[in-house]
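Colleague: The structure that follows is given in the form of structure tokens.
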Amino acid sequence: MDTKSSFNIIFLVIFCSLATFSSASLTVGFYRSSCPSAEAIVKRAVNKFVGRNPGLGAGLIRMHFHDCFVRGCDASVLLASTPGNPSEREHIANNPSLRGFEVIDEAKAQIEALCPKTVSCADVLAFAARDSSLRLGGINYAVPAGRRDGRVSNVDEVAQNLPPPFFNAQQLIDNFDRKGMSADEMVTLSGAHSIGISHCSSFSDRLYSFNATHPQDPSMDPRYAAFLKTKCPPPPSNNGDPTVPLDPTPNRMDNRYYLELTKNRGLLTSDQTLMNSPSTQSIVVNNVRNGRTWADKFAKAMVHMGSLDVLTGVEGEIRTRCSVVN
């Protein structure tokens, strides 16, 4: 298979039956009449910012996931804290790892100038994640829209819903199953770790304090571990928790991530476990063999994830600014 050429193809996934992958109340082209420029505005903002800093694309895809797995896709992750009420943004899983808030804010401001109180922040985020996938991986798909924004964001709910980087495969499967998503979708969406960076603190235990018998995780390629140690000194001399790429091509979203797993070069425990576990190993191997199939599955899984526990109709609100409730 010519893996490189497969990622030069733009995958346009049009879903004739939205009930299979999304809430029936979400609709492709939802703003066609009420704000026809909405999706184009978001795409311009994404291309502008991600063109300057590709890492923001990774941040926007991750932000959509972190939003949808906590309270559903209601833009609760975008809300800033209020006195005495720390929001999701303050949790260590989101701060400082999530990036791209400025992209959402710029797109939303431009949309509000044209179509006041019409387009939700939750939909802007869903569009931005799709446009980042297109920009960095050539993966395009239709986004059913019509989400409304929530009014609550609670820092304590993050740990209850988001899988941490030390989860094993079964824990990840269980976490996704609670959201109504399959093991295959979990492994497929993990491919987003082919872009972006991770802080050393998320995996340094694999380098220096794995267990009583092995200070270094024996499942990690020793040469890869040696390289990581040059970037991540042991605590407390880690100089502000530096970052390293999640895979060797952090600005291109492709199936290289899975190839690295087969070489024991998964950065996080939650990455490498996908190859080491019998329940997910075959999915990883299949994703290595066929990048086009993985990309198609990724698009479908993103649409499914984007439908989780959405607010629609008269539920929630349409925020005028994404960081504060109206």
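The values are calculated or read from the model by the stated rules, or taken from the named source; none is laboratory data. These figures come from a predicted structure and were not determined experimentally. We place every Cβ from the backbone using ideal geometry, glycine too, and count neighbours over all the protein chains shown. Heads up: the accessible areas ignore ligands, DNA and RNA and are worked out on the full protein's heavy atoms, side chains in. Shrake-Rupley method; radii C 1.70, N 1.55, O 1.52, S 1.80 Å.
Colleague: Considering only residues that are in a helix (DSSP H, G or I) and either acidic (D, E) or within 17 Å of C121 (Cα to Cα) (or both), which ones fall in the stretch 303-323?
Modeller: V303, M305
Colleague: Another question, if that's okay. Do you know which residues across the stretch 212-227 are open to solvent by less than 70 Å² (accessible area, probe 1.4 Å), in a loop (DSSP other than H, G, I, E, B) and over 16 Å from S270 (Cβ atoms)?
Modeller: Q216, D221
Colleague: Also, quick follow-up: Looking at A122, A126, which one is under 18 Å from F30 (Cβ atoms), touching a His at 6+ places or on another chain (Cβ under 7 Å), open to solvent by less than 40 Å² (accessible area, probe 1.4 Å) and not in a strand (DSSP E or B)?
Modeller: Sole residue among the options that is under 18 Å from F30 (Cβ atoms), touching a His at 6+ places or on another chain (Cβ under 7 Å), open to solvent by less than 40 Å² (accessible area, probe 1.4 Å) and not in a strand (DSSP E or B): A126.
Colleague: Go through the stretch 129-155 and report how many residues are assigned to a helix (DSSP H, G or I) and surrounded by 24 or more Cβ atoms within 10 Å (Cβ to Cβ).
Modeller: The qualifying residues number 7.
Colleague: Looking at the stretch 289-324, which of the residues that are touching a Pro at 6+ places or on another chain (Cβ under 9 Å) and of a type in the set (G, A, S) is most open to solvent (accessible area, probe 1.4 Å)?
Modeller: That would be S307.
Colleague: If you don't mind, another one. How about the stretch 38-49: which of its residues are among the hydrophobic types (A, V, I, L, M, F, W, C), in contact with an Asp or Glu (Cβ under 8 Å, 6 or more places away or on another chain) and over 17 Å from A122 (Cβ atoms)?
Modeller: F49
Colleague: Scanning for something open to solvent by 60 Å² or more (accessible area, probe 1.4 Å), over 30 Å from G291 (Cα atoms) and modelled with pLDDT under 95, does the stretch 94-111 turn up at least one residue?
Modeller: Yes, the stretch 94-111 has at least one match.
Colleague: Same structure, new question: Could you tell me whether the stretch 43-66 includes any residue that is of a type in the set (D, E, K, R), in contact with a Ser or Thr (Cβ under 7 Å, 6 or more places away or on another chain), free of Cβ contacts under 8 Å to residues at least 60 places away in the same chain and not in a loop (DSSP other than H, G, I, E, B)?
Modeller: Looking for residues that are of a type in the set (D, E, K, R), in contact with a Ser or Thr (Cβ under 7 Å, 6 or more places away or on another chain), free of Cβ contacts under 8 Å to residues at least 60 places away in the same chain and not in a loop (DSSP other than H, G, I, E, B), one finds none in the stretch 43-66, hence no.
Colleague: For the stretch 158-166, does any single residue satisfy the condition of being surrounded by fewer than 18 Cβ atoms within 10 Å (Cβ to Cβ), in contact with a helix residue (DSSP H, G or I) (Cβ under 6 Å, 6 or more places away or on another chain), more than 30 Å from R32 (Cα to Cα) and of a type in the set (S, T, N, Q)?
Modeller: Checking the stretch 158-166: not a single residue is surrounded by fewer than 18 Cβ atoms within 10 Å (Cβ to Cβ), in contact with a helix residue (DSSP H, G or I) (Cβ under 6 Å, 6 or more places away or on another chain), more than 30 Å from R32 (Cα to Cα) and of a type in the set (S, T, N, Q).
The rows are residues; the columns are (1) among the polar types (S, T, N, Q); (2) at pLDDT 95 or above.
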site: D131; (1), (2): no, yes
site: L136; (1), (2): no, yes
site: S182; (1), (2): yes, yes
site: H199; (1), (2): no, no
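Colleague: Of all residues in the stretch 167-179, count the ones that are in a helix (DSSP H, G or I) and either open to solvent by less than 70 Å² (accessible area, probe 1.4 Å) or small (G, A, S) (or both).
Modeller: Looking only at that region, the number is 6.
Colleague: For A126, indicate whether it is more than 26 Å from P242 (Cα to Cα) and modelled with pLDDT of 95 or more.
Modeller: Judged against the criteria, A126 is a match.
Colleague: Being hydroxyl-bearing (S, T, Y) and in contact with a helix residue (DSSP H, G or I) (Cβ under 9 Å, 6 or more places away or on another chain) is the filter here; which residues of the stretch 206-256 pass it?
Modeller: Y208, S219, Y224, T243, T249, listed by residue number.
Colleague: Residues in the stretch 264-278: is at least one surrounded by fewer than 19 Cβ atoms within 10 Å (Cβ to Cβ), farther than 30 Å from T243 by Cβ and modelled with pLDDT of 95 or more?
Modeller: There is at least one residue in the stretch 264-278 that is surrounded by fewer than 19 Cβ atoms within 10 Å (Cβ to Cβ), farther than 30 Å from T243 by Cβ and modelled with pLDDT of 95 or more.
Colleague: Tell me, yes or no, whether the stretch 233-253 has at least one residue that is under 21 Å from the mean Cα position of the chain (by Cα) and closer than 22 Å to M181 by Cα.
Modeller: yes
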